[in-house]
Structure formats: structure tokens, C-alpha cells
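Shown next, in C-alpha cells, is the structure this report addresses.
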Amino acid sequence: MGPLFSPTVALAEKRLLDVKLGEIFSWLGTRDFTPNGLIGGVRKGHDRYYNKYINVKKGGIGGVAMLLAGYVVLSYVWEYDHIKHDRWRKYH
Amino acid sequence: MMLSFFDQFMSPTYMGIPLIALAITLPWILYPTPTSRWINNRLLTLQGWSINRLSQQIFLPINQGGHKWAVLLTSLMIFLITLNMLGLLPYTFTPTTQLSLNMAFAVPLWLATVIIGMRNQPTAALGHLLPEGTPTPLIPVLIIIETISLFIRPLALGVRLTANLTAGHLLIQLIATAAFVLLPLMPTVAILTATVLFLLTLLEVAVAMIQAYVFVLLLSLYLQENV
């Protein structure tokens, strides 16, 4: 984890959880949103998740279960616009 | 007012991005590749072992020439099993309920087995159209029947998978709606319905795995005849 004092570390090098709320927009400005940068970001995120939860000597069900739970939540968000009509419908 | 039970099979989109794209690429993400280390992590070892056993079982009855298909059929089976099982999670979309996808799997692979048979051993491949020991008067009729059954194979493969999965999902949704609606009215009946729902979900898990297996098994059978 990065150091907690903002004056000593440059804004662009901080991780998201170390950025203060006031600086969040300027932090977003330093992020790389080109296609290459986005792909690099996805790859880094994937590697971090993989090495923390799956690529361990005695990995359990937790790593995969978190992924599937995230997929369920994402699917719900994807279908919300369609499902919201079912709320108080009389005939399903 | 249209019933909304079939809406779960519509391909959902969100801001123009179809969910089917995510649903189809998800199995690829779920199976990491083994590294060049001698011993990988526990999950990867398990994955490698099960894939090994699976391909052994499928390719036991097939002769040497058919083993070229090992990678294709094993990966197809794993893909189908993963797609089916992921579709049982709530709110997810099952791509294998779309007939287009299943026919896209069935027709090219079936056609490949037929063409391989016709190229390498045409007499034997045509000979499959007439079972041994048929009485002479029956021969013309039987050849017509066998040709029809040959051409109906890809249709059967695709439709079998689609129909099984669609019917299962539909049943789950129907019984779940029934249990939910009955709960304030007749709690006992609702509990009974919930039990049926539980058993049905177990069945669906089994069907998901079995259907994928049957698909690949039949393909390997067609391959065995022709290779």
C-alpha cells in the first residue's frame, strides 16, 4: 500500500484508495484512457486479482465465487431496465 | 398483454452492449492457463486433472485418426458445460438457449465428420447407410430412411441442446413464480412448491452437464464411424 501523506507522493503515482476526495478529479485526469492504456489497466487488474486469490498454493472456492458473484451483480444491472416492469405486474 | 416468461431468452443489451458478448467470453476468463512451473496452484492442478480424465473418457473408443479431434471436442465440452452451469445463476443469460448458437456448433462439426468419411473411406461411409443383415426387399426403403436420419443429425444436435435448456429455464421460472405468488395465500402449498423448485434446480444442474456431454459424445460417435 502506498504512503498515507499526500505532499510526499506525486498524484499520478497514487493508487485509487490513497487519493483524497478533493483530489479525485485531478487524479482521474492523470489516468491513461487510450485503448492501449485501458487494455493495460484491465490486464493489470486481472493479474492482481489472479495472483491474490487464485494463483496461491491452496486456493479455495472463494476466488472463483467472488468472480461469479460479481458476474451475477453485473447481469442484474444489465437486465434492470427490463426487470423493473415486473415489480407490481398483475399477470406475469 | 404478452406473457413475460419468454423474455429471459431475449438477448439483453445495455447501452448498446449485448450481454451475450460477456456471457460467451466468461468461460474463457474462468479457466486460467497453466504456467511453465512444475507444480501450479491447487485450482490449476484440479483443472488440468479433470480435463485430462474427461478427454481420456471421450476418446477411449476412437481409433488413432480421431485423436486429432481431441483438443476441439474437449474444449467444446468444457465450453458447453460452463455456459450451461453459468446460466443457472440468477439474472444471468444462457447463450445456449439460442438456437443460432447451437446450430453454429452442430452443423459445421457434423459436416466435417461426414466430409472426412467421404474423403478417406467413401465406400465404408456410404456403407453405413445400410445396416448389415437387412432383408433384400427392404433395402431401398431403408437407404432412404438412413439418408434422412443422416441429414437430420445436425438438426437434432442443435435442437436437443436448445430445447433442453430452454425448457429447464422456463420450468424454473414458472414454478418459482407459482411458489412466490402462493406464499401469502396458502403457505403449505407454497412450501411444497418450493421443494419441487429445489428438486428441479438439482435436475437442471444435472441436465446442464449431461446435455453438453451428450452433444460431444454424439459428435465423437459420428467421428468414430467416419474416421
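Tell me the label-point distance for the pair residue B:142, residue B:13, using the 7 Å Cα-to-Cβ offset, in nm and rounded to one decimal.
5.4 nm
Tell me the relative contact order for the range B:1-226 as a rounded percent, counting alpha carbon contacts under 8 Å between residues six or more apart.
Computed value for the range B:1-226: 28 percent relative contact order.
Taking amide hydrogens as modeled 1.01 Å from N in the peptide plane, which residues meet the under 5 Å criterion relative to residue B:14, leaving out close sequence neighbours?
For residue B:14, whose amide H was placed from the backbone, the distant partners under 5 Å are B:19.
Helix hunt in chain B: which complete DSSP H runs extend at least 24 Å axially by C-alpha with mean Kyte-Doolittle at least -0.5?
Correct list, ordered by number: B:42-59, B:70-87, B:99-120, B:139-182, B:187-226.
Which residues in the range B:94-121 place their backbone N less than 15 Å from a point set 7 Å from the Cα of residue B:170 along the Cα-to-Cβ direction?
Only B:97-99 pass the distance filter.
Using only helices, what value at 222 nm comes out for chain B when you add -39,500 (n - 2.57) per DSSP H run of length 4 or more and divide by the total residues, to the nearest 500 deg cm²/dmol?
Rounded to the nearest 500, the figure is -24500 deg cm²/dmol.
We did not get these values from a lab; they are worked out from the coordinates using the rules stated. Everything quoted here is computed from the prediction, not taken from an experiment. Positions of Cβ are backbone-derived with ideal geometry, glycine not excepted, and every protein chain shown enters the neighbour counts.
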